[in-house]
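Asker: Can you read through this structure? Questions will come right after.
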Amino acid sequence: MKQLLLTLSFLFVSFATLAQPVGYADKILGRWDVTVQGSDGTSFPSWLEIQHRTETSIMARVVGHFGSMRYATEATYKDGQLTVKVPKQYERQPDVLVFAGKLEGEKLVGTVQDETGATVNWTAVKAPDLRRTTKPVWGKPIELFNGKDLTGWKLRNNSHGNCWSVENGLLTNAARCVDLISEQKFSDFKLHVEFQIIPRGNSGIYLRGRYEAQIQDDLGKALDTLRMGGIYGFLKPNAAAMKKANEWQTYDITLVGRRVTVVLNGQTIIENEEIPGITGGALDSNEGEPGPLMIQGDHTKVLFRKITITPAK
């Protein structure tokens, strides 16, 4: 009987393997830059990565409209149909987001439910590698904040009116505001920022408008990708270099392709690590294009006294 069970188990595994031959999912493997068409007529960026779990099964991780990267609870690719299920995070509904799609040429296309429960369309293109073969040659530093007014900046939207201002030479926002975007766009750069957060404060700086370097009152807390110094949801700082709230702090961030080095208050906490994809709240998922600097303003008050960027030539 035991031998019969072993034989049946072997046959079951063999048939399962034959049902999904080696290489069956090769065309969909990798990272995808996703754009979701909302039911209100607007679109928002998302991100998807598909990997092998075994030679005959796949696994996936997703970044949605907001929040951090999530691992799929289920991912299948059968008869040309992709299904990726991820639990909700900050979405009001549904409880499980189901990305259903298929290949059309070089793109993935499909449907997913939005927060209203409506079924909406999404499309995805392969994310670029952004590998650099030569070291950057740096240009001249640019002062993005002039210490006087909002010249060179624009609001992400007008939902909270003119909620950014300059007070006593400091760039700051109202307690409930919107994101602030630089009018200039950049590819590779070095960034120097001097900032201050309030107790229990929460903000962030989006590099190219796509990758959030977290700003948060996290002194004394465990290091995590969601906390101060992390690239939100992806990269964890290797040391606790943050200061207390209401103290001036500095970020020195170098971004070359996907490679980022983060120095917080003079201490290197992330060194030449790869950012896999966009983080929640990004402006878009067009990773191959230059992008602006974006300051998160929709959480709590934050103050800046210097924002200097040195672009690569």
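The values are calculated or read from the model by the stated rules, or taken from the named source; none is laboratory data. The structure displayed is predicted, hence computed values, not measured ones. Don't worry about glycine lacking a Cβ; one is built from the backbone with ideal geometry, like all the others, and counts go over all protein chains shown.
Asker: Considering only segment 260-276, I want to know if a residue exists there that is outside any strand (DSSP E or B) and within 12 Å of the chain's Cα centre (by Cα).
Answerer: Yes, because at least one residue in segment 260-276 is outside any strand (DSSP E or B) and within 12 Å of the chain's Cα centre (by Cα).
Asker: Moving on to the next point. On the given criteria, is E49 assigned to a loop (DSSP other than H, G, I, E, B), among the charged types (D, E, K, R) and in contact with a Lys or Arg (Cβ under 7 Å, 6 or more places away or on another chain)?
Answerer: no
Asker: Any residue at all in segment 94-109 that's outside the structural domain of M59 (by TED's automatic domain parsing) and either of a type in the set (S, T, N, Q) or modelled with pLDDT under 95 (or both)?
Answerer: No, segment 94-109 contains no residue that is outside the structural domain of M59 (by TED's automatic domain parsing) and either of a type in the set (S, T, N, Q) or modelled with pLDDT under 95 (or both).
Asker: Looking at (1) touching a residue at least 40 places away in the same chain (Cβ under 8 Å); (2) within 14 Å of the chain's Cα centre (by Cα), which is the only condition K236 fails?
Answerer: (1)
Asker: From the set of residues in segment 87-130 that are assigned to a loop (DSSP other than H, G, I, E, B) and of a type in the set (K, R), which is farthest from the chain's Cα centre (by Cα)?
Answerer: R92
Asker: Still on this structure: Being over 17 Å from the mean Cα position of the chain (by Cα) and part of a strand (DSSP E or B), is that true of even one residue in segment 206-216?
Answerer: no
Asker: To continue, here is another question. Can A239 be described as small (G, A, S), in contact with a strand residue (DSSP E or B) (Cβ under 6 Å, 6 or more places away or on another chain) and surrounded by fewer than 16 Cβ atoms within 10 Å (Cβ to Cβ)?
Answerer: So A239 fits the description; yes.
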